[in-house]
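The values are calculated or read from the model by the stated rules, or taken from the named source; none is laboratory data. Computed from a prediction, not measured in an experiment: that's the story for all the values here. Cβ: placed from backbone, ideal geometry, glycine included. Neighbour counts: every protein chain shown.
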Amino acid sequence: MPSTSTSTPGVRPKAFRFRCIACGDLSDQARQDFRCAHCGDLLEITYPHWKESGGAGQDLKSTWRQRRVSQSAVDLSGVWRFRDVLPGLENDDQAITLREGNAPLYELLQCARITGVPRLFAKHQGLNPTGSFKDAGMTVAATFARLAGFRWVACASTGNTSASMAAYAARGGMRSLVLVPDGKISWSKLSQALDYGAVTCQLRTDFDGCLRLLQELVLRAPVYQLNSINPFRLEGQKTLAFELLEQLDWQPPDHIIVPGGNLGNSSAIGKALVEMRDLGLISRLPKLSVIQAEGANALVRTLREASGKKLVSVKAETRATAIRIGNPASWKKAVHVLEATEGACEEVSEIEIAQAKAEIGAEGIGCEPASAVTLAGLKKLVNQGFVKRDESVVLVLTGNLLKDPDFTINFHRGELFKGTQDEEASAALNSLRRPPVVLDATLDAVIRTLEQAEK
Ligand code: F0G
C-alpha cells in the first residue's frame, strides 16, 4: 500500500508558528511553559500560508479519503491521517501512534426520544486506545516532545491525561511524571498510569494545585509539559472535529456539545471548525456549546458575571472528577470559540449528570460521568429553546464507561447520593437503576429474578 499520499496543493503542513492569543505576537519557538514571552498569555499554533490555500478543501477531502485504504502507521491513525492540518513531521516514522482517533459516530435513538431531538449523535472519543479523547492530542504532543529531544514528559491531571501521557511516553521511549490530586481521581485512571510506567505523585491538593506546581516545575527541570496548555495537544485534539465532519459527509450539524473542564478540548474543536470553514471544507459553522458541572462552573460564571472578560475561578467539587477543575487554563480560548460559533455555556447538577449517564448507558453506549454532562446540558438547551427540535446535535463523549466503575456501581446500588442533600431527589432516578442481586445458585432463584424484571 502507498504510505505517502502526502502533499495537497496549497497546504504545506510543516510551516507553522506560535501565536499569542492575547497580543498576537508570532514566534517560531515556544518557551517551556508555552506562554507568550511578551504578555504571558497562552499560545496557539497557526499556519500563515493557509491564507493562500483557499481552494484546497476538495483536494484535502480526497487525500484523506484515499488514506483510509492505506496500511501505513500514520494513515491508520485517525489523527495523523489529517496531517495536512497539523504541524508537519520530517518523516512519517517520527509519529508516536497507537492508532488513536477513528472514533465512531453513533446515532442515539433512545436519548433522541428522551430529549425530543430526533437527529442526535454521539461521537465516542472514549473508544480511543487509552479510553479517552486525550489520545488524539497526546500522539501529536508526545511526538513533538521526542523530536525536541526530551527524556521526561510531565502533566497534571484529573486522570485521563495522565493515563494517555504515560502510554504515549512509554511507546515513544520516554519517561513520564504524573501529578494528580490525592484521592480525587478514579482508580482505573490511576492504574493505567502505573501500568504504563509513569512516576506517579498523588499530591495533597486539587487539580488546580497540581497544574500550578507543574508550571513552576517545567521552568526548573528538563521536563516537557503535556497539559493542554501545550498547543500541540490542541492540534491533535482538533482532528476529532475533522473526523466528525468527514463522518457526516461534510454536512455540518447544527450543534456540537462538549464537556468543559480545563477547556482545552472545546478550544481545540472550535479552532478546527473555524479552520475547516477557512479552508473551504464546510460552508457554515455548527454552534459549539460547553457544559460544566454546577460545582465546577468557572466558565459559566466567567460569562455570566464577567461577560467573558476575566476568569471567575471556583473551588471545584463534583463527582464527575474528570472535570473537577476550578481555574481552567484555556478559558480565554474557550470564550473566543463560543463567540465565534455562537454557542452556549450551561451547568448541570450532580443528579442530572447521573441520570444522563444512565440513559447513555441504557442505550448500549456508555461513558464516564464527565461525558454525560453533554446529554444533561442538551436537555437544558432544548428547554431554553437554544436547540430546536428539528436541529441536528452531536454530543462529544470524552471518556469510556470503564474509566470510573465506582460511580456506575454506586449509582446502580443506590449508594451514589446516600447521606447527601441529593438523597431524596435521587429517588426519581430509581427506574434507571439496575442493581446486581446475590442469589442462591438455583434455577428457581434465577427464573424468579427474570420474572421480576419483566414486571
Ligand atoms: N471529559 C473527560 C473524560 C476528561 O477527562 C476531561 C478532562 C474533560 C472532559 C474536560 O476536557 O479539560 O479539555 O475541558 N480531563 C483532564 C485530565 C483535565 O487531566 O484528564 P477539557
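Could you grab the pairs with beta carbons closer than 7 Å, sequence gap of 6+ or different chains, first residue in region 144-157 and among the charged types (D, E, K, R), second one away from the ligand (no atom under 12 Å from the Cβ) and not in a helix (DSSP H, G or I)?
Hits for this filter: Arg146/Ile96; Arg146/Gly172; Arg146/Met174; Arg151/Met174; Arg151/Arg175.
In the list Ala112, Ala154, which residue meets the criterion of being modelled with pLDDT of 95 or more, among the aliphatic types (A, V, I, L, M), touching a Leu at 6+ places or on another chain (Cβ under 9 Å) and assigned to a strand (DSSP E or B)?
Numbers: Ala112 fails: assigned to a strand (DSSP E or B).
From the options Ala112, Ala154, the qualifying one is Ala154.
Just the residues that are in a loop (DSSP other than H, G, I, E, B) and crowded, with 23+ Cβ neighbours inside 10 Å, please, taken from region 376-415. Give the steps one after another, and end with the answer.
Our first condition is that a residue be in a loop (DSSP other than H, G, I, E, B); within region 376-415, this holds for 384-392, 398, 400, 404, 413-415.
Selection gives Val387, Thr398, Asp404.
Restricting attention to region 77-97, does a residue exist that is of a type in the set (D, E, K, R) and within 24 Å of Cys367 (Cα to Cα)? If you could, list the steps in order and put the result at the bottom.
Applying the first criterion (of a type in the set (D, E, K, R)) to region 77-97 yields 81, 83-84, 90, 92-93.
Filter once more, keeping what is within 24 Å of Cys367 (Cα to Cα): none.
Looking for residues that are of a type in the set (D, E, K, R) and within 24 Å of Cys367 (Cα to Cα), one finds none in region 77-97, hence no.
Pick from Val373, Val335: which is under 21 Å from Ser164 (Cβ atoms), assigned to a helix (DSSP H, G or I) and of a type outside the set (Ser, Thr, Tyr)? Spell out the reasoning first.
Details: Val335 fails: under 21 Å from Ser164 (Cβ atoms).
So the residue among Val373, Val335 that is under 21 Å from Ser164 (Cβ atoms), assigned to a helix (DSSP H, G or I) and of a type outside the set (Ser, Thr, Tyr) is Val373.
Being among the polar types (S, T, N, Q) and free of Cβ contacts under 8 Å to residues at least 60 places away in the same chain is the filter; apply it to region 275-314 and report the residue that is nearest to Pro87 (Cα to Cα). Working first, answer last.
Here is the first cut: in region 275-314, the residues among the polar types (S, T, N, Q) are 283, 289, 292, 297, 302, 307, 313.
Narrowing further to those that are free of Cβ contacts under 8 Å to residues at least 60 places away in the same chain: 283, 297, 302, 307.
Values: Ser283: 24, Asn297: 33, Thr302: 32, Ser307: 33 Å.
Ranking the qualifying residues of region 275-314, first place goes to Ser283.
Quick check, is Lys418 on the phi < 0 side of the Ramachandran plot, in contact with a Ser or Thr (Cβ under 9 Å, 6 or more places away or on another chain) and within 14 Å of the ligand (Cβ to nearest atom)? Before the answer, list the steps.
Details: on the phi < 0 side of the Ramachandran plot: yes; in contact with a Ser or Thr (Cβ under 9 Å, 6 or more places away or on another chain): yes; within 14 Å of the ligand (Cβ to nearest atom): no.
Against the criterion (on the phi < 0 side of the Ramachandran plot, in contact with a Ser or Thr (Cβ under 9 Å, 6 or more places away or on another chain) and within 14 Å of the ligand (Cβ to nearest atom)), Lys418 does not qualify.
Looking at (1) within 16 Å of the ligand (Cβ to nearest atom); (2) in contact with a helix residue (DSSP H, G or I) (Cβ under 6 Å, 6 or more places away or on another chain), find the lone condition where Asp92 falls short.
Condition (1) is where Asp92 drops out.
Any residue in region 299-317 that is in a helix (DSSP H, G or I) and within 11 Å of the ligand (Cβ to nearest atom)? Break it down into steps so the answer makes sense when it comes.
Quick first cut of region 299-317, residues in a helix (DSSP H, G or I) only: 299-306.
This time we only want the ones that are within 11 Å of the ligand (Cβ to nearest atom), so: 299.
There is at least one residue in region 299-317 that is in a helix (DSSP H, G or I) and within 11 Å of the ligand (Cβ to nearest atom).
Give Arg99, Arg19, Arg83 a once-over and let me know the one that is assigned to a loop (DSSP other than H, G, I, E, B), touching a Leu at 6+ places or on another chain (Cβ under 8 Å) and either at pLDDT 95 or above or surrounded by fewer than 16 Cβ atoms within 10 Å (Cβ to Cβ) (or both). Let's see the steps before the verdict.
Numbers: Arg19 fails: assigned to a loop (DSSP other than H, G, I, E, B); Arg83 fails: assigned to a loop (DSSP other than H, G, I, E, B).
After ruling out the rest, the residue left standing is Arg99.
For residues in region 358-370 being within 16 Å of the chain's Cα centre (by Cα) and part of a helix (DSSP H, G or I), which is farthest from Phe407 (Cα to Cα)?
Keep residues of region 358-370 that are within 16 Å of the chain's Cα centre (by Cα), which gives 366-370.
After this cut, where a residue has to be part of a helix (DSSP H, G or I) as well, the list is 369-370.
Working: Pro369: 8, Ala370: 11 Å.
That would be Ala370.
May I ask you to list the residues in region 295-329 that are surrounded by 18 or more Cβ atoms within 10 Å (Cβ to Cβ), basic (Lys, Arg) and under 15 Å from Leu263 (Cβ atoms)?
Within region 295-329, Arg324 is the sole residue that qualifies.
Within 16 Å of the ligand (Cβ to nearest atom), within 27 Å of Phe16 (Cα to Cα), acidic (Asp, Glu) and at pLDDT 95 or above: which single residue out of Glu246, Glu235 fits that description? Lay out the reasoning, then the answer.
Details: Glu246 fails: within 16 Å of the ligand (Cβ to nearest atom).
Step by step, each of Glu246, Glu235 is checked, and only Glu235 is within 16 Å of the ligand (Cβ to nearest atom), within 27 Å of Phe16 (Cα to Cα), acidic (Asp, Glu) and at pLDDT 95 or above.
Looking only at helices (runs of 4 or more DSSP H) that lie completely in region 185-294, which have at least 3 residues being buried (at least 24 other Cβ atoms within 10 Å of the Cβ) and either aliphatic (A, V, I, L, M) or touching an Asp or Glu at 6+ places or on another chain (Cβ under 8 Å) (or both)? Before the answer, list the steps.
Details: elements: 187-195, 207-220, 231-247, 264-278.
Answer list for region 185-294: 231-247, 264-278.
Please specify each residue of region 157-171 satisfying the condition of being buried (at least 21 other Cβ atoms within 10 Å of the Cβ) and either away from the ligand (no atom under 14 Å from the Cβ) or over 15 Å from Ile323 (Cα atoms) (or both). Quick ask: steps written out before the conclusion?
Quick first cut of region 157-171, residues buried (at least 21 other Cβ atoms within 10 Å of the Cβ) only: 157-169.
Those that are buried (at least 21 other Cβ atoms within 10 Å of the Cβ) and either away from the ligand (no atom under 14 Å from the Cβ) or over 15 Å from Ile323 (Cα atoms) (or both): Ala163, Ser164, Met165, Ala166, Ala167, Tyr168, Ala169.
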